[in-house]
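The values are calculated or read from the model by the stated rules, or taken from the named source; none is laboratory data. Predicted model, so just to flag it, every value in this text is computed and none were measured. Every residue, glycine among them, receives a Cβ derived from its backbone with ideal geometry; neighbour counts consider all protein chains shown. SASA here: full protein model, heavy atoms, side chains in, ligands and nucleic acids out. Shrake-Rupley method; radii C 1.70, N 1.55, O 1.52, S 1.80 Å.
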Amino acid sequence: MVRSNMVRAFGAMLAMAVTSLTPAVAADTWKPLVPVRLLIGFAPGGSADTLGRLLAEPLSQRLGQPVLVENVAGAGGNIMAARLAQAPADGHTIGIAAAGSMAITFALKPKSTTYKPSDFTPITLAATQPNVVIVNKDVPAKTLAELKAYFEKTPAATYGTAGVGTSNHLIAETMFYRLGIKVPHAAYRGATPVITDLLGGHIAMTMDNISTAGPLAQQGNVRAIAVASLKRAPQLPDVPTLDEQGLTGFDMPTWQGVFGPAGLPPAVLATYATALQEVLKDPAVIAKMAVLGSEPVTGMTAEAFAAFLEKDRKQWADIVKAADIAVE
């Protein structure tokens with residue numbers, strides 16, 4: 001059984017990373033000479049893409065150069081990560097990535113992943129969002145117990161996520177493991193095609209973050225079954241948590257961070273760290289993120305983010321081993 005302390009570990013890791021290290025002194029001695037490419041590992045419309053586009057304009061104002069969003073979708077963010085790993089370490093290419101490509105892949109696909117943790121410069125953890133279990137309206141389940149019964153009675157039913165090895169894939173697999181069931185997984189190239197097939201009735205369920213799932217549930221296009229955190233989401237106050245429905249201690253949010261290639265010069269790293277912290281503390285940005293159900297992470301140094309990543313990778317390795325999760 002996956003221990004409850006595993007699924008509670010994220011909150012403790014985040015708190016330690018933010019509070020235990022003193023922020024680095026800003027050294028704003030570098031500015032980009034040409035427009036910056038901001039790589040996003042998923043198709044337009046998902047939480048990483050939304051966050052990147054939200055941050056791009058205020059970040060460009062601080063850098064003095066346009067920040068151009070470039071979607072490099074596929075393989076749960078791994079294609080973008082592989083491209084970022086090969087980019088010149090001159091500060092003109094950065095990326096927004098999540099746990100799937102920067103933590104989970106090393107536990108799930110240690111032999112086939114074409115890059116390694118040392119291929120990147122962690123800049124900052126940018127945002128977190130709670131995850132929500134949502135089903136298409138034809139699924140006759142309104143509670144977690146009813147969803148379990150539905151999958152047991154309907155072995156052909158599938159669930160989908162934005163790719164093998166994404167955090168939502170592993171979070172859903174952890175949920176199914178704790179429920180004692182197996183459900184076939186359909187992997188997509190991003191959140192938008194997952195939602196398209198969910199609305200079309202081609203898949204029964206997905207686990208997605210509140211930024212995507214919240215508006216769909218509020219509009220009645222899908223049914224929200226549970227929130228995968230210890231407290232209910234303000235956007236969906238009537239939807240109980242997995243913890244409330246029997247999966248004690250289940251607390252597994254999604255996160256997105258900003259990375260550069262390995263060997264990013266200290267002055268470049270300091271410029272990005274300072275600029276991004278200013279953006280994440282901007283009241284206008286905070287307000288826009290709140291509407292999406294996304295919470296900015298402030299006060300985290302690059303060193304603290306690196307320490308957070310080490311712990312997150314260990315947590316996912318423990319979950320993959322305990323739940324015996326394998327790549328399809």
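So which residues in the range 80-100 are modelled with pLDDT under 95 and out of contact with any strand residue (DSSP E or B) (no Cβ under 8 Å at 6 or more places or on another chain), if there are any at all? First the steps, then the outcome.
Step one: filter the range 80-100 for residues modelled with pLDDT under 95, giving 98-100.
Within the range 80-100, GLY100 is the sole residue that qualifies.
Read through the list (1) touching a helix residue (DSSP H, G or I) at 6+ places or on another chain (Cβ under 6 Å); (2) open to solvent by less than 40 Å² (accessible area, probe 1.4 Å); (3) not acidic (Asp, Glu), then give the number of the only condition that VAL268 fails.
Here VAL268 meets the rest and fails (1).
Which condition number in (1) basic (Lys, Arg); (2) within 30 Å of ASN221 (Cβ to Cβ); (3) at pLDDT below 95 is the one that LYS153 fails?
If we test LYS153 against (1) basic (Lys, Arg); (2) within 30 Å of ASN221 (Cβ to Cβ); (3) at pLDDT below 95, just (3) comes out false.
Against the conditions (1) assigned to a helix (DSSP H, G or I); (2) surrounded by fewer than 20 Cβ atoms within 10 Å (Cβ to Cβ), where does ILE319 fall short? Just the number, please.
The failed condition is (2).
Out of all the residues in the range 78-100, which are touching a residue at least 40 places away in the same chain (Cβ under 8 Å), touching a Phe, Trp or Tyr at 6+ places or on another chain (Cβ under 9 Å) and surrounded by 16 or more Cβ atoms within 10 Å (Cβ to Cβ)?
The answer is ASN78, MET80, ALA81, LEU84, ALA85, GLY91, ILE94, GLY95, ILE96, ALA97, ALA98, ALA99.
From the set of residues in the range 101-129 that are β-branched (Val, Ile, Thr) and under 18 Å from ILE319 (Cβ atoms), which is surrounded by the most Cβ atoms within 10 Å (Cβ to Cβ)? Full working, then the answer.
Pass one, the range 101-129, residues β-branched (Val, Ile, Thr): 104-105, 113-114, 121, 123-124, 128.
The next check asks that each one be under 18 Å from ILE319 (Cβ atoms); those that pass are 104-105, 113, 128.
Numbers: ILE104: 29, THR105: 26, THR113: 18, THR128: 20.
Looking at the filtered set, the residue picked out is ILE104.
Kindly indicate the residue of the range 224-247 that is within 12 Å of ASN209 (Cβ to Cβ) and not aliphatic (A, V, I, L, M) and also surrounded by the most Cβ atoms within 10 Å (Cβ to Cβ) among those meeting that condition.
SER229
Just to be sure I understand, how many residues within the range 132-166 are aliphatic (A, V, I, L, M) and within 29 Å of ARG313 (Cβ to Cβ)?
Going through the range 132-166 one residue at a time, the tally reaches 6.
Could you list, in sequence order, the residues of the range 271-291 that are modelled with pLDDT of 95 or more and either open to solvent by less than 20 Å² (accessible area, probe 1.4 Å) or in contact with a His (Cβ under 6 Å, 6 or more places away or on another chain) (or both)?
Within the range 271-291, THR271, TYR272, ALA275, LEU276, VAL279, LEU280, VAL285 meet the criteria.
Report, by residue number, each residue of the range 61-108 that is under 22 Å from LEU280 (Cβ atoms) and among the acidic types (Asp, Glu).
GLU70
Could you run through the range 191-210 and say how many residues are surrounded by 17 or more Cβ atoms within 10 Å (Cβ to Cβ) and either of a type in the set (S, T, N, Q) or not in a helix (DSSP H, G or I) (or both)?
Matching residues across the range 191-210 total 8.
Being farther than 18 Å from ILE210 by Cα and at pLDDT 95 or above is the filter here; which residues of the range 156-176 pass it?
Correct list: ALA156, ALA157, THR158, PHE176.
Considering only residues that are closer than 25 Å to ARG37 by Cβ, in a helix (DSSP H, G or I) and of a type in the set (A, V, I, L, M), which ones fall in the range 272-316?
The answer is ALA273, ALA275, LEU276, VAL279, LEU280, ALA284, VAL285, MET289, ALA302, ALA306, LEU309.
Any idea which residue in the range 141-190 is nearest to GLY45 (Cα to Cα), counting only those that are touching a residue at least 60 places away in the same chain (Cβ under 8 Å), part of a helix (DSSP H, G or I) and among the hydroxyl-bearing types (Ser, Thr, Tyr)?
Per the stated criteria, the residue is SER167.
Criterion first (in contact with a Phe, Trp or Tyr (Cβ under 6 Å, 6 or more places away or on another chain), assigned to a loop (DSSP other than H, G, I, E, B) and buried (at least 18 other Cβ atoms within 10 Å of the Cβ)) does ALA48 satisfy it?
For ALA48, the condition - in contact with a Phe, Trp or Tyr (Cβ under 6 Å, 6 or more places away or on another chain), assigned to a loop (DSSP other than H, G, I, E, B) and buried (at least 18 other Cβ atoms within 10 Å of the Cβ) - is not met.
Name the residue that is surrounded by the most Cβ atoms within 10 Å (Cβ to Cβ), counting only residues in the range 57-77 that are part of a helix (DSSP H, G or I) and at pLDDT 95 or above.
The extreme case among them is LEU59.
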